[in-house]
Amino acid sequence: MKTTRHKNLISFWVMVSVFLVLGVALAFAYVNLLTYHPDIFLTLWARRGYEFSFLAAGGMLVMALIVWSTAHGIHRGLKHAILHEWLLANVRKALLESGYYIPIGRGSNKIARLPRLKLTLTLSGYEMVSYEVASLWLWDLAFPWDWGAVSGHGFLASFVPER
């Protein structure tokens, strides 16, 4: 089952693709107008259009990279950010497999809404090489708090519940 995260990711890539396709189409239109009709006023608008489209697509990609970097703590290093993303992806997968989500929608268009997650990694020593402790917080008022039924599934079995 797809999650709201998947839905938002698909929407993002569709928007970036639309801007890129529009930019390429306007670039071809600009080249054709410039080649065959250099005195037409539309050449200026075609040039501004394709520049805006490429800038919008590039800006969206840069903003997505900044948001991802901030969310996963890139300031602590690339290894930390990748490990953080990998752990959160496995926790989300385990929550989906254990049925700990709220279905949204009807029929075959159901989307799973997972609880909000926060993961904190603690360094094991001064070497800053390995992580031994990871704290996972789940919070959302709409979910039943029966962690015992969820914690035995696959990846989540390594987390010790505390209240």
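Just to check your reading of the model, which residue among ALA64, ALA46 is in contact with a helix residue (DSSP H, G or I) (Cβ under 6 Å, 6 or more places away or on another chain), assigned by TED's automatic domain parsing to the domain that holds VAL14, outside any loop (DSSP other than H, G, I, E, B) and surrounded by 14 or more Cβ atoms within 10 Å (Cβ to Cβ)? Don't jump to the end; show me each part of the working.
Details: ALA64 fails: in contact with a helix residue (DSSP H, G or I) (Cβ under 6 Å, 6 or more places away or on another chain).
After ruling out the rest, the residue left standing is ALA46.
For segment 102-121, name all the residues that are in contact (Cβ under 8 Å) with a residue 60 or more places away in the chain and surrounded by 15 or more Cβ atoms within 10 Å (Cβ to Cβ).
Narrowing segment 102-121 to residues in contact (Cβ under 8 Å) with a residue 60 or more places away in the chain: 103-104, 110-114.
If the condition is that a residue be in contact (Cβ under 8 Å) with a residue 60 or more places away in the chain and surrounded by 15 or more Cβ atoms within 10 Å (Cβ to Cβ), then ILE111, ALA112, ARG113, LEU114 are the ones that fit.
Filter segment 67-83 for residues that are modelled with pLDDT of 85 or more and part of a helix (DSSP H, G or I) and give the result.
Scanning segment 67-83 gives VAL67, TRP68, SER69, THR70, ALA71, ILE74, HIS75, LEU78, ALA81, ILE82.
The values are calculated or read from the model by the stated rules, or taken from the named source; none is laboratory data. Computed from a prediction, not measured in an experiment: that's the story for all the values here. Note: ideal-geometry Cβ built from the backbone for every residue, glycine included; neighbour counts use all protein chains shown.
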